[in-house]
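The values are calculated or read from the model by the stated rules, or taken from the named source; none is laboratory data. Remember, predicted model here, so these are calculated numbers, not experimental data. Cβ: placed from backbone, ideal geometry, glycine included. Neighbour counts: every protein chain shown.
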Amino acid sequence: MENPQSAIPNPQSAIRNPQSAIPNPQSAIRNPQSAIPNPQSPISRGVFQRIPRLWARVSPRAIRRNLAAIRSRLPRKTALAAVVKSDAYGHGMQLAARVAASEGCAFLAVISVEEAAALRDVGFDCGILVIGPIEPWQATEAVALDLGVFTGNLEVAQALDDAAREQNTRARVHLKIDTGMGRFGFQDAPEEFGPALDRLLQLSHLNLEGAATHFTMADEPQSECTREQTRRFRLVLRMLEARGVRPRWIHAANSGTIVHFPNTAFSLIQTGLVMYDDADPGPYPLVRAGLAMYGVYPGPEPEAALELEPAMTLGCRIADIRGVPTGFSVSYAGTFKTTRPSRLAVLPVGYGCGYPRHASGKAEAIIRGRRAPLAGRITMNITVADVTDVPEARVGDTALLFGREGSDLLRVEEVARAAGTIPYEVLCNVGRCTPRLLEED
Ligand SMILES: Cc1ncc(COP(=O)(O)O)c(C=O)c1O
């Protein structure tokens with residue numbers, strides 16, 4: 001669907017008799033039952049077509065293209081784990097998982113056993129990796145669902161081993177090594193990891209199929225941190241090798257790494273580089289791609305060498321336009337006053353739908369191909385745009401808040417900067433109350 005306008009029905013034909021949409025307050029009071037949805041009502045029967053006034057449009061094609069772009073940037077034979085946690089950063093977990101699976105990603109990465117179960121429930125039988133910490137009591141379900149599990153302590157490892165023994169199988173363990181992130185994982189220091197590894201090797205129902213770490217500053221190309229973490233992770237890999245443990249998957253890279261340190265994943269694989277074939281048990285480099293898959297650049301500045309297409313577009317229709325005089329105060333606390341006779345457009349969007357309040361006074365919308373600054377505070381459901389310099393703007397026009405609309409592009413990174421936050425948060429916050437439109441694949 002190139003143009004969301006084309007998906008929007010004609011309001012005239014949609015509402016045949018607008019009067020019938022107005023409830024009679026008298027009858028509503030007399031009959032409290034009228035508050036209960038009536039399946040016979042014109043609305044329930046779908047007589048009124050809803051016209052989206054605000055939408056988050058998701059493009060599976062953009063996700064596909066981004067996965068291809070990511071692949072082309074990485075050395076051959078690097079496998080991808082598509083990070084679809086947190087409802088695929090607001091894009092819709094099932095949709096993103098379907099695209100990623102059809103593009104041959106080795107894993108879908110989720111944050112919890114609950115998210116993994118939701119994918120299994122709807123039939124995803126591919127590799128699923130839980131990259132968040134699990135609790136020991138979840139081991140039984142994790143094994144039953146055949147999940148790869150980030151394992152960062154011996155209690156969870158023991159629980160996975162017990163569950164796998166009971167289920168007469170082996171648990172898929174990805175050893176999570178803390179090389180500096182400081183959240184969870186086995187400490188990488190040899191005096192800590194050595195004894196832990198000795199204990200792990202006694203657990204006979206674990207399949208140590210992965211070794212992983214997570215970078216803290218991969219979105220900052222100047223930082224030494226990624227190199228230092230890589231060095232520390234490599235020492236752990238040597239310890240594994242010295243004890244004869246050769247995990248099939250070695251992974252550390254996220255989107256920042258893909259953009260700024262594309263060779264890191266591969267450089268972690270020390271042996272057998274050119275000998276891979278499908279029968280080779282590995283180790284294979286695996287990259288966990290989240291943000292980049294959704295077409296968004298991590299870090300402060302876009303990296304021109306990797307072209308990413310935003311997969312989510314947040315847009316709305318102008319609900320009202322008013323001409324106002326100089327000195328007119330707009331929105332809560334009157335933080336904005338017009339400095340000239342102005343035209344103000346009312347946009348039905350706000351922080352209640354995930355558009356960040358902290359972008360007040362800084363972000364812009366694109367209307368009829370031109371930038372319109374937002375005026376005054378962004379409120380829960382209403383935001384005002386100054387369209388004085390877009391004189392042709394009309395009620396019903398599309399206002400692009402971020403993403404792509406035809407040839408217009410407004411990156412969510414820009415909105416995040418205006419709000420003093422990161423694009424991850426803006427995307428995730430596009431709430432469930434924002435209608436989703438799905439572009440054709
Ligand atoms: C452990 C882990 N790996 C990979 C990712 C994906 O990161 P990105 O979205 O920057 O690619 C995340 C995201 O939070 C993560 O927590």
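Suppose we filter LEU197, LEU203, LEU154 for residues that are in contact (Cβ under 8 Å) with a residue 40 or more places away in the chain, more than 19 Å from LEU286 (Cβ to Cβ) and surrounded by fewer than 16 Cβ atoms within 10 Å (Cβ to Cβ); which single one remains?
Working: LEU197 fails: surrounded by fewer than 16 Cβ atoms within 10 Å (Cβ to Cβ); LEU203 fails: surrounded by fewer than 16 Cβ atoms within 10 Å (Cβ to Cβ).
Selected residue: LEU154, the only one of LEU197, LEU203, LEU154 that is in contact (Cβ under 8 Å) with a residue 40 or more places away in the chain, more than 19 Å from LEU286 (Cβ to Cβ) and surrounded by fewer than 16 Cβ atoms within 10 Å (Cβ to Cβ).
Count, please, the residues in the stretch 407-441 that happen to be within 16 Å of the ligand (Cβ to nearest atom) and hydroxyl-bearing (Ser, Thr, Tyr).
Residues that pass the stated criteria total 2.
So which residues in the stretch 102-111 are over 11 Å from VAL84 (Cα atoms) and free of Cβ contacts under 8 Å to residues at least 60 places away in the same chain, if there are any at all? Steps first, please.
Within the stretch 102-111, the first condition is being over 11 Å from VAL84 (Cα atoms), and the residues that meet it are 102-106.
Scanning the stretch 102-111 gives SER102, GLU103, GLY104, CYS105.
Anything in the stretch 363-382 that is hydrophobic (A, V, I, L, M, F, W, C), assigned to a loop (DSSP other than H, G, I, E, B) and farther than 17 Å from VAL426 by Cβ? List them, or say none. Steps first, answer last, please.
Initial filter on the stretch 363-382 (hydrophobic (A, V, I, L, M, F, W, C)): 363, 365-367, 372, 374-375, 378, 380, 382.
Imposing the further condition that a residue be assigned to a loop (DSSP other than H, G, I, E, B) reduces the set to 363, 378, 380, 382.
Answer for the stretch 363-382, where residues must be hydrophobic (A, V, I, L, M, F, W, C), assigned to a loop (DSSP other than H, G, I, E, B) and farther than 17 Å from VAL426 by Cβ: just ILE382.
Which ones in the stretch 207-226 are more than 12 Å from the ligand (Cβ to nearest atom) and more than 12 Å from HIS251 (Cα to Cα)?
Residues satisfying the conditions are ASN207, LEU208, GLU220, PRO221, GLN222, SER223, GLU224, CYS225, THR226.
I'm checking my understanding of the structure. Among residues of the stretch 76-106 that are assigned to a helix (DSSP H, G or I) and of a type in the set (Ser, Thr, Tyr), which one is surrounded by the fewest Cβ atoms within 10 Å (Cβ to Cβ)?
The initial filter retains those residues of the stretch 76-106 that are assigned to a helix (DSSP H, G or I), namely 85-89, 93-102.
In the following step, the residues that additionally are of a type in the set (Ser, Thr, Tyr) were identified as 86, 89, 102.
On the way: SER86: 17, TYR89: 25, SER102: 13.
Per the criteria, the residue is SER102.
All but one of (1) within 16 Å of the ligand (Cβ to nearest atom); (2) over 21 Å from PRO133 (Cβ atoms) hold for THR179; which doesn't?
For THR179, the failing item is (2).
Does the stretch 294-304 include one or more residues that are more than 16 Å from the ligand (Cβ to nearest atom) and either under 20 Å from HIS214 (Cβ atoms) or modelled with pLDDT under 95 (or both)?
Initially, the stretch 294-304 is screened for residues more than 16 Å from the ligand (Cβ to nearest atom), giving 304.
Imposing the further condition that a residue be either under 20 Å from HIS214 (Cβ atoms) or modelled with pLDDT under 95 (or both) reduces the set to 304.
Yes, that holds for at least one residue.
Can you name the condition, by its number, that GLN229 falls short on among (1) within 16 Å of the ligand (Cβ to nearest atom); (2) over 24 Å from the mean Cα position of the chain (by Cα); (3) outside any helix (DSSP H, G or I); (4) buried (at least 21 other Cβ atoms within 10 Å of the Cβ)?
(3)
Out of curiosity, is ASP146 in the same structural domain as TRP249 (by TED's automatic domain parsing), of a type in the set (D, E, K, R) and modelled with pLDDT under 95?
Details: in the same structural domain as TRP249 (by TED's automatic domain parsing): yes; of a type in the set (D, E, K, R): yes; modelled with pLDDT under 95: no.
Taking the combined requirement at face value, the residue does not satisfy it.
Can you pull out every residue in the stretch 69-101 that is in contact with a Lys or Arg (Cβ under 8 Å, 6 or more places away or on another chain) and of a type in the set (Ser, Thr, Tyr)?
Once the filter is applied, which keeps residues that are in contact with a Lys or Arg (Cβ under 8 Å, 6 or more places away or on another chain) and of a type in the set (Ser, Thr, Tyr), the stretch 69-101 yields only THR78.
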